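The values are calculated or read from the model by the stated rules, or taken from the named source; none is laboratory data. These figures come from a predicted structure and were not determined experimentally. All Cβ positions, glycine included, derive from the backbone under ideal geometry; neighbour counts span all protein chains shown.
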Ligand code: ATP
Ligand code: MG
């Protein structure tokens with residue numbers, strides 16, 4: 001157990017690890033080539049996974065204050081004026097260095113959350129797993145975290161007993177609670193990837209690189225800080241983050257970080273379903289959905305998250321389930337690229353359509369009506385998915401609408417097509433039909449074309465379109481049921 005905890009804390013022992021390494025690190029720090037200004041990070045003593053910190057002064061990097069959110073700058077200056085250390089950290093620095101507009105600006109400080117709250121009136125404290133301060137500026141929220149320390153687990157913890165109260169690990173090595181404060185170096189060590197352990201200070205406008213992140217950026221490499229297996233076990237969501245950053249930043253996951261993923265992907269099952277939903281939204285609604293999907297499929301991550309779909313993809317790697325997923329995800333990426341709205345409901349509806357359809361067909365073979373079979377199939381598949389990914393109800397309701405309307409789109413005779421067109425859900429269902437038509441070809445292409453014409457025709461032409469249908473528009477769904485009946489009598 002002790003050895004396991006030690007591994008979790010400092011990574012697998014290396015040939016040159018232990019005291020000698022710690023001494024080297026300390027020695028190296030003493031001989032630091034770059035002059036350290038008085039306000040440079042105070043480095044904690046002790047063994048570290050990290051190389052020597054590199055300081056890039058203002059003339060050695062391209063980050064300018066005009067690229068930084070004025071509110072984030074306000075937070076940095078206010079904390080500084082109150083006597084605290086404060087840095088911009090993580091994704092925003094990484095993105096600015098890569099010439100990408102950051103999604104958000106995160107601040108890290110040595111002030112405790114309660115102290116942050118005292119500095120800002122517009123501040124609220126959130127989070128249980130790790131307590132954070134949110135400084136609210138209208139619609140923009142600047143997240144301020146206190147330097148994170150090591151979680152507990154070694155024999156040394158006798159001295160740091162209070163830490164034990166605020167952090168814990170599961171039997172799988174997963175961090176359950178993480179409310180331990182530490183030094184900036186410990187904070188850097190607790191970060192996931194080397195490219196995310198970059199800190200920017202308004203004291204000297206320098207970037208502090210704790211894990212050779214600049215080099216990784218130059219080499220376009222996603223690498224974990226420390227031992228990859230340990231770091232994935234501590235928080236399996238890092239697997240999803242590695243995939244997301246690789247596609248978002250157009251980088252490669254370094255071999256050492258990529259290699260354990262297929263084997264450890266099963267640990268994603270231990271992640272609370274709401275967190276997995278949030279991560280999937282980031283993977284599927286941020287413009288790289290298709291690339292992320294392919295990487296998740298190839299690394300056995302998809303098998304853990306959406307086993308229903310993964311099974312179909314295994315049976316027929318290029319089949320219609322794959323085609324529909326591809327079309328839906330590429331379509332979503334194209335919409336994101338031109339800033340059109342996208343919804344998780346449509347994507348999840350596409351990813352899970354064939355598992356639902358298959359289940360519904362089986363239930364019809366068992367004698368259920370088309371309507372009942374569809375309702376039961378939708379409920380079963382969604383219940384099954386919810387055990388892993390907590391898709392909020394407003395989205396599952398929209399998914400059900402899209403799915404249920406697919407069969408109604410085949411029944412167009414009389415007033416039915418007119419009624420359907422008035423449905424607020426029609427547009428989504430029609431878009432979905434079009435994607436299915438592209439994925440399957442065959443009859444659906446004709447049906448999608450018919451609806452396209454019907455939507456844009458005047459009333460006279462619409463009636464003509466309906467008349468041209470004859471019997472076909474009344475009864476497409478049950479035809480399938482007749483097939484099943486025939487099949488059963490033949491058996
Ligand atoms: P983006 O905002 O573009 O998704 P990001 O890197 O800023 O990317 P956030 O989720 O905003 O991602 O996290 C901010 C920083 O917090 C990260 O850069 C990383 O240093 C750290 N971090 C986030 N999640 C983890 C994690 N699971 N394990 C370790 N460090 C993490
Ligand atoms: Mg961020």
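Scanning region 100-108 turns up one or more residues that are within 14 Å of ligand 2 (Cβ to nearest atom) and farther than 29 Å from residue 272 by Cα.
If you go through region 233-259 one residue at a time, how many are part of a loop (DSSP other than H, G, I, E, B) and more than 15 Å from residue 302 (Cα to Cα)? So the answer is 6.
Considering region 429-452, the residues that are out of contact with any helix residue (DSSP H, G or I) (no Cβ under 6 Å at 6 or more places or on another chain) and assigned to a helix (DSSP H, G or I) include one that is nearest to residue 408 (Cα to Cα), namely 447. The residues in region 129-149 that are loosely packed, with under 14 Cβ neighbours inside 10 Å and in contact with a strand residue (DSSP E or B) (Cβ under 9 Å, 6 or more places away or on another chain) can be counted, and the count is 1. Taken over region 83-99, the residue count meeting the criterion of being part of a loop (DSSP other than H, G, I, E, B), away from ligand 2 (no atom under 14 Å from the Cβ) and touching a helix residue (DSSP H, G or I) at 6+ places or on another chain (Cβ under 8 Å) is 2.
Per the listing 332, 326, 410, 388, the residue uniquely outside any helix (DSSP H, G or I) and at pLDDT 95 or above is 388.
Only one entry of 297, 275 meets the criterion of being within 16 Å of ligand 2 (Cβ to nearest atom), more than 26 Å from residue 217 (Cβ to Cβ) and in contact with a helix residue (DSSP H, G or I) (Cβ under 7 Å, 6 or more places away or on another chain), and that entry is 275. For beta carbons closer than 8 Å, sequence separation of 6+ or different chains, a first residue in region 103-116 that is more than 15 Å from residue 148 (Cα to Cα) and a second that is part of a loop (DSSP other than H, G, I, E, B) and within 16 Å of ligand 2 (Cβ to nearest atom), the qualifying pairs are 105/68; 105/69.
Would you check if residue 288 is at pLDDT 95 or above and within 15 Å of the chain's Cα centre (by Cα)? Here the answer is yes, as residue 288 does meet what is asked. Considering region 129-138, the residues that are modelled with pLDDT of 95 or more and away from ligand 2 (no atom under 16 Å from the Cβ) include one that is nearest to residue 183 (Cα to Cα), namely 136. Looking at the structure I just gave you, is residue 152 away from ligand 2 (no atom under 16 Å from the Cβ), at pLDDT below 90 and either surrounded by fewer than 20 Cβ atoms within 10 Å (Cβ to Cβ) or closer than 30 Å to residue 61 by Cα (or both)? For residue 152, the condition - away from ligand 2 (no atom under 16 Å from the Cβ), at pLDDT below 90 and either surrounded by fewer than 20 Cβ atoms within 10 Å (Cβ to Cβ) or closer than 30 Å to residue 61 by Cα (or both) - is not met. Consider residue 75 against the criteria (1) under 30 Å from residue 251 (Cα atoms); (2) within 16 Å of ligand 2 (Cβ to nearest atom); (3) surrounded by 13 or more Cβ atoms within 10 Å (Cβ to Cβ): it satisfies all of them except one. Which criterion is unmet? Just one mismatch for residue 75, condition (1).
Looking across region 346-358 at every residue that is buried (at least 17 other Cβ atoms within 10 Å of the Cβ) and free of Cβ contacts under 8 Å to residues at least 60 places away in the same chain, the one that is nearest to residue 392 (Cα to Cα) is identified as 348. Take the conditions (1) surrounded by 13 or more Cβ atoms within 10 Å (Cβ to Cβ); (2) closer than 21 Å to residue 182 by Cβ; (3) within 22 Å of the chain's Cα centre (by Cα); residue 126 misses just one of them, which is (1). Is it true that residue 85 is within 17 Å of residue 206 (Cβ to Cβ), more than 16 Å from ligand 1 (Cβ to nearest atom) and in the same structural domain as residue 198 (by TED's automatic domain parsing)? Against the criterion (within 17 Å of residue 206 (Cβ to Cβ), more than 16 Å from ligand 1 (Cβ to nearest atom) and in the same structural domain as residue 198 (by TED's automatic domain parsing)), residue 85 qualifies. Taking region 101-142 as the range and being touching a helix residue (DSSP H, G or I) at 6+ places or on another chain (Cβ under 8 Å) and not in a strand (DSSP E or B) as the test, the residues that pass are 101, 102, 103, 104, 105, 110, 111, 116, 119, 120, 131. For the condition surrounded by 17 or more Cβ atoms within 10 Å (Cβ to Cβ) and not in a helix (DSSP H, G or I), residue 402 does not qualify. Selection of region 233-269 for residues being crowded, with 18+ Cβ neighbours inside 10 Å and farther than 27 Å from residue 101 by Cβ yields 233, 234, 236, 258, 260, 261, 264, 265, 267, 268.
Would you mind stating whether residue 452 is more than 34 Å from the chain's Cα centre (by Cα), surrounded by fewer than 19 Cβ atoms within 10 Å (Cβ to Cβ), closer than 14 Å to residue 469 by Cα and in the same structural domain as residue 353 (by TED's automatic domain parsing)? Here the answer is no, as residue 452 does not meet what is asked.
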